[in-house]
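Colleague: Below is one structure. I have some questions about it.
The values are calculated or read from the model by the stated rules, or taken from the named source; none is laboratory data. For clarity, every value in this text was computed on a predicted model and none was experimentally measured. Heads up, the Cβs are rebuilt from the backbone with ideal geometry, glycines too, and the neighbour counts pull from every protein chain shown. SASA here: full protein model, heavy atoms, side chains in, ligands and nucleic acids out. Shrake-Rupley method; radii C 1.70, N 1.55, O 1.52, S 1.80 Å.
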Amino acid sequence: MSTTDYIVNAVIVLLVLRQIRERRLDLRSLVLPLVLIAFAAHAYLHSLPTSGDSVALIAVLAAAGLTLGSLCALATRVRVAEDGVARARAGGAAAALWVAGVGSRLAFVLAASHGAGPAIAHFSAAHRIAPQGWVWGFVLMALGEALARLLILEVRALRATGALRRSQPLVPSV
């Protein structure tokens with residue numbers, strides 16, 4: 001892991017800690033994470049590997065991220081404040097899910113660089129997984145986790161404030 005990777009993970013952990021305090025769900029709370037997600041995708045995702053089981057690995061890790069993010073969003077309390085603005089506060093379960101995602105990625109990197117590297121290399125060779133397959137998988141896991149949580153919280157905020165009714169379709173009919 002590079003210094004940049006450690007900094008990115010530290011920022012993610014700080015964002016998690018920030019979520020424990022109640023915060024407004026407004027345009028700023030939507031735009032800043034989307035900018036960070038776009039930056040991370042641009043910085044890490046280059047030339048999608050399609051050899052062997054690389055795509056399957058990427059899909060499994062991305063699905064794990066989407067699942068963790070969705071569960072995290074559902075474990076976050078959303079309420080409408082007196083000013084009519086939705087507010088969210090992550091509880092212990094949401095924080096634990098978020099830390100589990102970050103922790104699993106960090107544990108993989110630490111294991112790979114502290115003895116498990118040959119086993120990972122053997123597994124990768126046996127399944128023809130390109131090194132970039134691991135990068136894409138773990139980055140899409142992190143991005144999926146963040147994006148799923150963000151979008152579900154935004155929908156919950158819109159529903160809570162009445163801006164989006166459950167009877168209204170998300171996609172207008174033609």
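Colleague: For the range 16-34, check the following and say yes or no: at least one residue is closer than 21 Å to residue 121 by Cβ and part of a helix (DSSP H, G or I).
Modeller: no
Colleague: Sticking with this one: Taking the range 65-79, which residues are open to solvent by less than 60 Å² (accessible area, probe 1.4 Å) and either more than 14 Å from the chain's Cα centre (by Cα) or more than 30 Å from residue 163 (Cα to Cα) (or both)?
Modeller: If the condition is that a residue be open to solvent by less than 60 Å² (accessible area, probe 1.4 Å) and either more than 14 Å from the chain's Cα centre (by Cα) or more than 30 Å from residue 163 (Cα to Cα) (or both), then 75, 76, 78 are the ones that fit.
Colleague: Here is a further query. Test residue 145 against the criterion of being assigned to a loop (DSSP other than H, G, I, E, B) and among the acidic types (Asp, Glu), and give yes or no.
Modeller: Taking the combined requirement at face value, the residue does not satisfy it.
Colleague: Same structure again: Being touching a residue at least 60 places away in the same chain (Cβ under 8 Å) and more than 23 Å from residue 48 (Cβ to Cβ) is the filter here; which residues of the range 111-132 pass it?
Modeller: Passing the criteria: only 113.
Colleague: Of the numbered conditions (1) free of Cβ contacts under 8 Å to residues at least 24 places away in the same chain; (2) open to solvent by 30 Å² or more (accessible area, probe 1.4 Å); (3) in a helix (DSSP H, G or I), residue 97 fails exactly one; give the number of that condition.
Modeller: Residue 97 satisfies all of (1) free of Cβ contacts under 8 Å to residues at least 24 places away in the same chain; (2) open to solvent by 30 Å² or more (accessible area, probe 1.4 Å); (3) in a helix (DSSP H, G or I) except (1).
Colleague: Looking at 66, 97, 61, which is the one that is under 24 Å from residue 158 (Cα atoms) and modelled with pLDDT of 95 or more?
Modeller: Checking each option against the conditions leaves just 66.
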